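Encoded as structure tokens, the structure appears first; notes follow it.
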Amino acid sequence: MVRILVTGGSGFIGAELLPKLIELGHEVCSLERYVTGRYVLGARTATVFGNLRDGFSIRKLVKDTQPEAVVHLAAISPVAYSYDHPQEVFKVNALGTINLAEACLREVSNFKHFIYAGTSEEYGNQDKFPITEEAELKPNSPYAVSKVAADKYLQYMRAAYDFPVTVLRPFNTYGRKDNTHFVVERTITQMLQGKAVKLGDPTPTRDFLYVNDHLDAYLTCIDNPNAMGGTFNFCTGREISIKELVELIAKLTGFAGEVQWGSIPARPLDIRKLVGSYEKAEKVLGWQPKHPLEDDVEKTIDFWRDKIGGSG
């Protein structure tokens, strides 16, 4: 059993990960930023409130809770949002990570593991595929810059203090149960509602990872000495264009309506091709993806069909 502090427990991955950690017998504490009316697991887990941007309060919180491990998921993650709010995104994602990691280093007597949620967005536009962990980081959005900054700071702490950090770089994940702002869920819900589907550029390609594989990545790293000090891609190695993805969802939903490409504002920069290699994670950690895209897009469709039907 490990005493774990999880940040971002109310987010997409955090809300799914917390109950799994509890089921495995870990002592879990969820760090949340207080928002009226938002609660994660109630009495099932301890909850502490704090703002990652406030270094003093985070240091006190970490000193009081004394976590043996941290799973740091909290971030402002929508790439499009980051273009209009770069200062806010950088303060939360970069400065917030620095505040938390420094607190763990200086205030915890027996700190064992800091697991950081990096992102495939750190790679930007590459020339060689599939992308490995050794590729040069070329961030091309304020969000990606903020994540690279935090990543680099954690690597500095590893070199300077032997800080026990593991960096995960998951690729585009789907299977959300609340948020419809990302392409898979946005397309599914619009098609199920019979609406015209409003999307941006059909040509970029992505490597889509199902939520259960993403969760398994964290569970594989926790309390795993082989993960310590490493950086790992978590992906499928399969490339699919946004157009092909939308055609797949249309087939599975029976949608025959209109897809309005270019109806969402283009980003100042975008990644044209993002497909990764999980060879290192498989070799070092024994992790590999288990969920085929077609099967689990269909599961996601079934979930949203039930949810939309239930709310109507």
Considering the Cα trace of the chain, what is its radius of gyration and what is Dmax, both in angstroms? 19.3, 60
Using a basic spin-label model with each label point 7 Å from the Cα along Cα→Cβ, how many nm lie between Thr203 and Lys138? 1.6 nm
With 20 Å as the limit, write out which pairs from Lys177/Lys273; Lys91/Lys147; Lys195/Lys251; Lys138/Lys198; Lys138/Lys243; Lys195/Lys243 have Cα-Cα distances beyond it, or answer none. Lys177/Lys273; Lys138/Lys198; Lys138/Lys243
Towards the positive end of the charge dipole of the chain, with charges on Cβ (+1 Lys, Arg; -1 Asp, Glu), say which of Ala217, Thr203, Gln87 has the farthest Cα. Gln87
For Glu239, put the label point 7 Å out on the Cα→Cβ axis and report which residues of the range 260-291 keep their amide N under 13 Å from it. 272-277
Based on the Kirkwood radius over alpha-carbon pairs, what is the Stokes-Einstein translational diffusion coefficient of the range 140-237 at 20 °C with 1.002 mPa s viscosity, in µm²/s? 134 µm²/s
How much length, in nm to one decimal, is gained on full extension between Gln66 and Lys307, taken as 0.36 nm per residue of separation minus their Cα-Cα distance? 82.8 nm
Please identify, among Phe56, Phe12, Phe90, the residue showing maximal mean-square fluctuation in a Gaussian network model of the chain using a 10 angstrom Cα cutoff. Phe56
Placing unit charges on C-beta atoms (Lys and Arg positive, Asp and Glu negative, everything else neutral), compute the dipole magnitude of the range 1-120 about its Cα centre in debye, rounded to 20. 180 debye
Against the 2.2 N^0.38 Å rule of thumb, the C-alpha Rg of the range 51-143 sits at a ratio of 1.25
May I have the pair-distance distribution P(r) for the range 167-312, computed from all Cα-Cα distances with 5 Å bins from 0 and rounded to whole percent? 2, 9, 18, 20, 18, 14, 10, 6, 3, 1, 0
Once both label points are put 7 Å beyond Cα along the C-beta direction, the Glu258-Ala80 separation in nm becomes 1.9 nm
Ordering of 141-153, 262-274, 219-231 by burial proxy (mean other Cβ atoms within 10 Å per residue, highest first): 141-153, 219-231, 262-274
If you put +1 on each Lys and Arg Cβ and -1 on each Asp and Glu Cβ, how big is the dipole of the range 238-311 around its Cα centre, in Debye rounded to 20? 280 debye
At 0.36 nm per residue, minus the direct Cα-Cα distance, what do Ala196 and Asp223 gain on full extension? Give it in nm, one decimal, please. 5.1 nm
The local net charge around Gln260, scoring Lys/Arg +1 and Asp/Glu -1 for residues other than Gln260 whose Cβ lies under 11 Å from its Cβ, equals +1
Determine the percent antiparallel among the DSSP beta bridges restricted to the chain, to the nearest 5. 5 percent
Towards the positive end of the charge dipole of the chain, with charges on Cβ (+1 Lys, Arg; -1 Asp, Glu), say which of Phe232, Pro142, Tyr174 has the farthest Cα. Pro142
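Each value in this text was obtained by applying a stated rule to the coordinates, not by laboratory testing. Just so it is clear, the model here is predicted, and its values are computed rather than measured. Backbone-built Cβ (ideal geometry, glycine too); neighbour counts: all protein chains shown.
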